[in-house]
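K.L.:
Take a look at this one; I'll ask things after.
The values are calculated or read from the model by the stated rules, or taken from the named source; none is laboratory data. None of these values were measured; they are calculated from a predicted model. FYI the Cβ positions are ideal-geometry reconstructions off the backbone, even for glycines, and counts take in every protein chain you see.
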């Protein structure tokens, strides 16, 4: 089973200085932070801020290629969380056929934003990500002090309110 979510914000992790995409379900009860790379965060931020670049960025190019082929992005799904790494897929439709393409969540989210496609997250992923021992709160292995800071960050994320979301709130 999956839950539809939207990008609610993009912020920097105060501990690791790594960008975090915050997904939130429509009810506002469930959030899912996903740590992403700087380039992917930039691609997501450009779309959230409706900034047009003079030349197509990678995700814009991919969307244009798909449109040229009469293919559509039906949805993206964040499908798994293993060893602090999220996994995703992009569901495409072309000539009446569906194709599932493996993707990093950050790339899938950047493409979904450009294609106005819905973002879904497996309930299993949400449950795994919310387990204290999941390791999902950071992109890399942590020492004890960093794990304590990570746990504090997780609690802070759980208490986030819409007004706390920052510049890229959607």
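K.L.:
In the stretch 83-104, what count of residues is obtained for those that are under 15 Å from residue 3 (Cα atoms) and surrounded by 21 or more Cβ atoms within 10 Å (Cβ to Cβ)? Steps first, please.
P.N.:
Step one: list which residues in the stretch 83-104 are under 15 Å from residue 3 (Cα atoms), which gives 88-89.
Now restrict to residues that are surrounded by 21 or more Cβ atoms within 10 Å (Cβ to Cβ): 88.
Number satisfying all stated conditions: 1.
K.L.:
For the stretch 113-122, which positions are surrounded by fewer than 24 Cβ atoms within 10 Å (Cβ to Cβ) and not in a loop (DSSP other than H, G, I, E, B)?
P.N.:
Taking the stretch 113-122 as the starting set, the residues that turn out to be surrounded by fewer than 24 Cβ atoms within 10 Å (Cβ to Cβ) are 113-120, 122.
113, 114, 115, 119, 120, 122, listed by residue number.
K.L.:
Condition first: under 27 Å from residue 125 (Cβ atoms), in a loop (DSSP other than H, G, I, E, B) and at pLDDT 95 or above. Now tell me which residues in the stretch 68-104 satisfy that.
P.N.:
Within the stretch 68-104, just 104 meets the criteria.
K.L.:
Let me ask you something else. Exactly one of these conditions fails for residue 35: (1) surrounded by fewer than 21 Cβ atoms within 10 Å (Cβ to Cβ); (2) at pLDDT below 95. Give me its number.
P.N.:
Answer for residue 35: the failing condition is (1).
K.L.:
Now, a different point. Scan the stretch 48-61 and give yes if some residue there is more than 26 Å from residue 127 (Cβ to Cβ), touching a strand residue (DSSP E or B) at 6+ places or on another chain (Cβ under 8 Å), outside any strand (DSSP E or B) and at pLDDT 95 or above, otherwise no.
P.N.:
So the first thing to find is which residues in the stretch 48-61 are more than 26 Å from residue 127 (Cβ to Cβ), and the list is 48-61.
Keeping just the survivors that are touching a strand residue (DSSP E or B) at 6+ places or on another chain (Cβ under 8 Å) gives 48.
Subsequent filtering for residues that are outside any strand (DSSP E or B) retains 48.
Cutting the leftovers down to at pLDDT 95 or above gives us none.
Taking every residue of the stretch 48-61 in turn, none turns out to be more than 26 Å from residue 127 (Cβ to Cβ), touching a strand residue (DSSP E or B) at 6+ places or on another chain (Cβ under 8 Å), outside any strand (DSSP E or B) and at pLDDT 95 or above.
K.L.:
May I ask you to verify whether residue 65 is more than 22 Å from residue 4 (Cα to Cα) and not in a loop (DSSP other than H, G, I, E, B)? Spell out how you get there, then give the answer.
P.N.:
Values: more than 22 Å from residue 4 (Cα to Cα): yes; not in a loop (DSSP other than H, G, I, E, B): yes.
Yes: the conditions hold for residue 65.
K.L.:
So the check is Cβ under 8 Å with 6+ separation or different chains; which pairs have a first residue in the stretch 52-71 that's closer than 16 Å to residue 39 by Cα and a second one that's at pLDDT below 95 and in a loop (DSSP other than H, G, I, E, B)?
P.N.:
Pairs that qualify, where the first residue is closer than 16 Å to residue 39 by Cα and the partner is at pLDDT below 95 and in a loop (DSSP other than H, G, I, E, B), are 60/53.
K.L.:
If you don't mind, there's one more thing I want to ask. Given the conditions (1) part of a strand (DSSP E or B); (2) more than 20 Å from residue 82 (Cα to Cα), and given that residue 34 satisfies all but one, which numbered condition is not satisfied?
P.N.:
(2)
K.L.:
Those residues that are surrounded by fewer than 18 Cβ atoms within 10 Å (Cβ to Cβ) and farther than 16 Å from residue 86 by Cβ, I need them from the stretch 11-31; list them, please. First the steps, then the outcome.
P.N.:
Initial filter on the stretch 11-31 (surrounded by fewer than 18 Cβ atoms within 10 Å (Cβ to Cβ)): 12, 14-15, 17-18, 25-30.
Hits for the stretch 11-31 are 12, 14, 15, 17, 25, 26, 27, 28, 29.
K.L.:
I'm checking my understanding of the structure. Among residues of the stretch 62-81 that are surrounded by 12 or more Cβ atoms within 10 Å (Cβ to Cβ) and out of contact with any strand residue (DSSP E or B) (no Cβ under 8 Å at 6 or more places or on another chain), which one is nearest to residue 106 (Cα to Cα)? Give the steps one after another, and end with the answer.
P.N.:
Of the residues in the stretch 62-81, the ones surrounded by 12 or more Cβ atoms within 10 Å (Cβ to Cβ) are 62-64, 66-67, 71-81.
Right, trim to out of contact with any strand residue (DSSP E or B) (no Cβ under 8 Å at 6 or more places or on another chain) and you get 62, 64, 67.
Values: 62: 14, 64: 18, 67: 21 Å.
Looking at the filtered set, the residue picked out is 62.
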